[in-house]
1. When the stretch 70-112 is examined, which residues are found to be among the polar types (S, T, N, Q) and more than 22 Å from GLN150 (Cα to Cα)?
2. Run GLY254 past the list (1) assigned to a loop (DSSP other than H, G, I, E, B); (2) modelled with pLDDT of 95 or more; (3) touching a Gly at 6+ places or on another chain (Cβ under 9 Å) and report the number of the one that doesn't hold.
3. Given LEU104, LEU77, which one is under 18 Å from the mean Cα position of the chain (by Cα), surrounded by fewer than 24 Cβ atoms within 10 Å (Cβ to Cβ), more than 15 Å from ILE27 (Cα to Cα) and among the hydrophobic types (A, V, I, L, M, F, W, C)?
4. Hey, can you tell me all the residues within the stretch 131-164 that are exposed (fewer than 15 other Cβ atoms within 10 Å of the Cβ), closer than 18 Å to MET180 by Cα and either modelled with pLDDT of 95 or more or among the aliphatic types (A, V, I, L, M) (or both)?
5. Since ARG115 meets every condition but one in (1) at pLDDT 95 or above; (2) part of a loop (DSSP other than H, G, I, E, B), which condition does it not meet?
6. Considering only residues that are touching a strand residue (DSSP E or B) at 6+ places or on another chain (Cβ under 7 Å), under 22 Å from LEU15 (Cβ atoms) and either of a type in the set (Asp, Glu) or not in a strand (DSSP E or B) (or both), which ones fall in the stretch 118-142?
7. Scan the stretch 188-220 residue by residue and report those that are part of a loop (DSSP other than H, G, I, E, B), under 23 Å from ASN124 (Cα atoms) and either among the small types (Gly, Ala, Ser) or at pLDDT 95 or above (or both).
8. Among the numbered criteria (1) assigned to a strand (DSSP E or B); (2) without any contact (Cβ under 8 Å) to a residue 12 or more places away in the chain, which single criterion is violated by LEU282?
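The values are calculated or read from the model by the stated rules, or taken from the named source; none is laboratory data. Keep in mind the model is a prediction, meaning the values are calculated, not measured. For neighbour counting, all protein chains shown are included, and Cβ atoms are generated from backbone atoms with ideal geometry for every residue, glycine included.
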Amino acid sequence: MIVPRTDRSTILGNLNAKIERRQPIMIASAGSGLVAQLLEEAGVDCINTFSGARLRANGMGTMSMMWPILDSNEQTLRYTREDIMPAIKGTSFICACLNANDPLKDMRMVLQQCRDMGVESVSNIGPSLSYVDKGTTIRAVMEKSGITMQNEIDLLKLAKEEFGMVTVGLAFDEEDSYDMIAQAQPDIFCFHAGTTKGGRTGYDSGESIETTASRTDVVYQEARSIYKDIILVAHGAAMENPPDAQYMLDNTSGHGFWTGSSTERLPIERAVSEAANAFTALRFND
């Protein structure tokens, strides 16, 4: 097996060409090689790998990655190397979502491992401190322990400035979004509007797609004023299906969207259940 390789200039050239043609940029998560293959064949621009996607493939919710039951970076690096990279042809690029707050790893070494396996793009969402609500005791304890958004910002800066990788920044609120964009100037920024609703493990906050779009575009407008060359994509909350994503395209000033459960967990749940139920309904003829 010879894993395909790409580079920063090729990735950004392809993305900017799509923007010029007014075609949406699409990022999607893959927790298995089969899903990665299907996403690439469908024309997805970027396939992201992270421990949450790997756990979703095992029937767990994305948030299970937050508990200290696994080495998130090791899980991401291993399945990216063994399951994802050998499965693709190279028309999609891979973005590894890393845990910048890993207390046992030098992130320079982690980035070098990504490069060695052919991954030229990284994100800070593997997992991010952003998943923990501000103002809570657990958030304060974590920050006191040295688990900070600044570490995530520093990861993105290091990846772009020293390694020349394509960086995908992600944050959950306006304050963190603007701070990240100002300091790290990620090539792509995704405003995470909240956990995607739907299916067996999705969480529905009750927010409408109209509100998700409105909140997202507020961040887009300010982000562009901070760093004009940034590529902006939407994710989460009420954006569950293609009509929702179309609404986001029509009602925000971004360049595309990032799907997770919407193109992985939810379709698998529906398709496998339908096929299995059809088989289990079979009976012997009398």
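1. Across the stretch 70-112, the qualifying residues are GLN75, THR80, THR91, SER92.
2. (3)
3. Every option except LEU77 fails the conditions.
4. Hits for the stretch 131-164 are GLU161, GLU162, GLY164.
5. For ARG115, the failing item is (2).
6. VAL119, GLU120, ASN124, ILE125, GLY126
7. ALA193, GLY194, GLY202
8. Failing condition for LEU282: (1).
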